[in-house]
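**Student:** Below: one structure in structure tokens.
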Amino acid sequence: MSKIIVIVGPTGTGKTRLSIHLAKKLNAEIINADATQVYMDANIGTAKVTKEEMEDVKHHMIDIVSLNDNYTVKDYQTDARKVLDKLISEGKNVIIVGGSGLYTKALLYNYNFTDEEEIKTYNNLTNEELKEQVDLIYKDNDIHVNNRKRLERFLSHYEVTGEIIKNNEEKDEALYDFTMIGLEADREILYKNLDHRVEEMFINGLINEVKGLKNYSKTKSLIGYKETIMYLDGELSLDEAKELIKKNTRKYAKRQMTWYRHQFDNINWFKTDYEDFNNTINEVDNFLKI
């Protein structure tokens, strides 16, 4: 019987490294559950796992669509379930890893998408900007930043009726048997490491990567890319762009933690030890008894 382990948590907590360790130990294959890593060519700014980091572990749902494609959460649900069901039918162990909670929920739970009519679209706003507007209207909403349809539905309904759509999404039934591992860190430590990672992205060539991708439709909605485009267009200095990326990344990490704690009650949390990540790995191994 296949063993399914799910690794979640905010960006920058070591999910990729843990997933590789567990996959090698369990002879498992990895399914990506990060909304940005499904896109081809966006590598540095998304902190995408590299070929070297993969250590010959087979990965799925990475580099599958163009930055010009309109790839929805529902598309991901359909494609990722095909992969997961195939691996299960072959008796293989599976590691699911990524920081997009909605992708994880859509994959593993009886999460249904309904078609809505007469919903205004907000093509001039990024997902993050839509989310900020929704939060200003109703800060206790549970809408994930990547669920653009729900964000647009909320704003459209509010503009037309003046009424707020309250949280009514079910805690959906799990369709698979899995163990969920969460990595977290004290906020001050996490933010310091995220700031350092942004600096590393620029050292590793983020500006050149963005130059080659700036004309793709999805690029301006991705953290790290949209701010760098503003630098390339002369709207921000390089230091201003870096600081804005750091700020938006910290805000994203905070939203991730809020969403995970609201949407899931079955996460087994572990603190990331940035000084010696092997300590975190050992704690997870002991918990899983592997």
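The values are calculated or read from the model by the stated rules, or taken from the named source; none is laboratory data. Remember, predicted model here, so these are calculated numbers, not experimental data. Cβ sites come from the backbone with ideal geometry, for glycine too, and all protein chains shown count toward neighbours.
**Student:** Can you pull out the residues in the range 252-271 that are touching a residue at least 24 places away in the same chain (Cβ under 8 Å) and assigned to a helix (DSSP H, G or I)?
**Tutor:** Answer for the range 252-271, where residues must be touching a residue at least 24 places away in the same chain (Cβ under 8 Å) and assigned to a helix (DSSP H, G or I): Tyr252, Ala253, Lys254, Arg255, Gln256, Met257, Trp259, Tyr260, His262, Gln263.
**Student:** Listed residues Asp172, Asp177; which is out of contact with any Asp or Glu (no Cβ under 8 Å at 6 or more places or on another chain), at pLDDT below 95 and under 30 Å from Ile290 (Cβ atoms)?
**Tutor:** None of the other options fit; the residue is Asp172.
**Student:** Please go through (1) assigned to a loop (DSSP other than H, G, I, E, B); (2) at negative phi; (3) exposed (fewer than 15 other Cβ atoms within 10 Å of the Cβ) for Gly234 and return the number of the only condition it doesn't satisfy.
**Tutor:** (2)
**Student:** Hey, can you tell me all the residues within the range 1-17 that are of a type outside the set (A, V, I, L, M, F, W, C), part of a loop (DSSP other than H, G, I, E, B) and farther than 13 Å from Leu190 by Cα?
**Tutor:** Once the filter is applied, which keeps residues that are of a type outside the set (A, V, I, L, M, F, W, C), part of a loop (DSSP other than H, G, I, E, B) and farther than 13 Å from Leu190 by Cα, the range 1-17 yields Ser2, Lys3.
**Student:** Would the range 18-38 turn up any residue that is of a type in the set (Ser, Thr, Tyr), surrounded by fewer than 20 Cβ atoms within 10 Å (Cβ to Cβ), out of contact with any strand residue (DSSP E or B) (no Cβ under 6 Å at 6 or more places or on another chain) and part of a loop (DSSP other than H, G, I, E, B)?
**Tutor:** No: the range 18-38 contains no residue that is of a type in the set (Ser, Thr, Tyr), surrounded by fewer than 20 Cβ atoms within 10 Å (Cβ to Cβ), out of contact with any strand residue (DSSP E or B) (no Cβ under 6 Å at 6 or more places or on another chain) and part of a loop (DSSP other than H, G, I, E, B).
**Student:** Please find, within the range 70-100, the residue that is surrounded by the fewest Cβ atoms within 10 Å (Cβ to Cβ) out of those that are farther than 27 Å from Gly12 by Cα and of a type in the set (Val, Ile, Thr).
**Tutor:** Looking at residues that are farther than 27 Å from Gly12 by Cα and of a type in the set (Val, Ile, Thr), I get Thr78.
**Student:** Does Ile189 satisfy the criteria of being hydrophobic (A, V, I, L, M, F, W, C), over 24 Å from Asn93 (Cα atoms), modelled with pLDDT of 95 or more and not in a helix (DSSP H, G or I)?
**Tutor:** The answer is no for Ile189.
**Student:** Could you figure out which of (1) of a type outside the set (Gly, Ala, Ser); (2) surrounded by fewer than 20 Cβ atoms within 10 Å (Cβ to Cβ); (3) at pLDDT 95 or above; (4) under 19 Å from the mean Cα position of the chain (by Cα) isn't true of Glu199?
**Tutor:** (4)
**Student:** Just checking, how many residues over the range 48-63 are assigned to a loop (DSSP other than H, G, I, E, B) and farther than 23 Å from Asn112 by Cβ?
**Tutor:** Here the count works out to 9.
**Student:** For the range 211-222, what are the residues that are touching a Lys or Arg at 6+ places or on another chain (Cβ under 9 Å) and of a type in the set (A, V, I, L, M, F, W, C)?
**Tutor:** none
**Student:** For the subset of the range 211-224 comprising residues that are in contact with a Leu (Cβ under 7 Å, 6 or more places away or on another chain) and part of a helix (DSSP H, G or I), which member is farthest from Val134 (Cα to Cα)?
**Tutor:** Lys211
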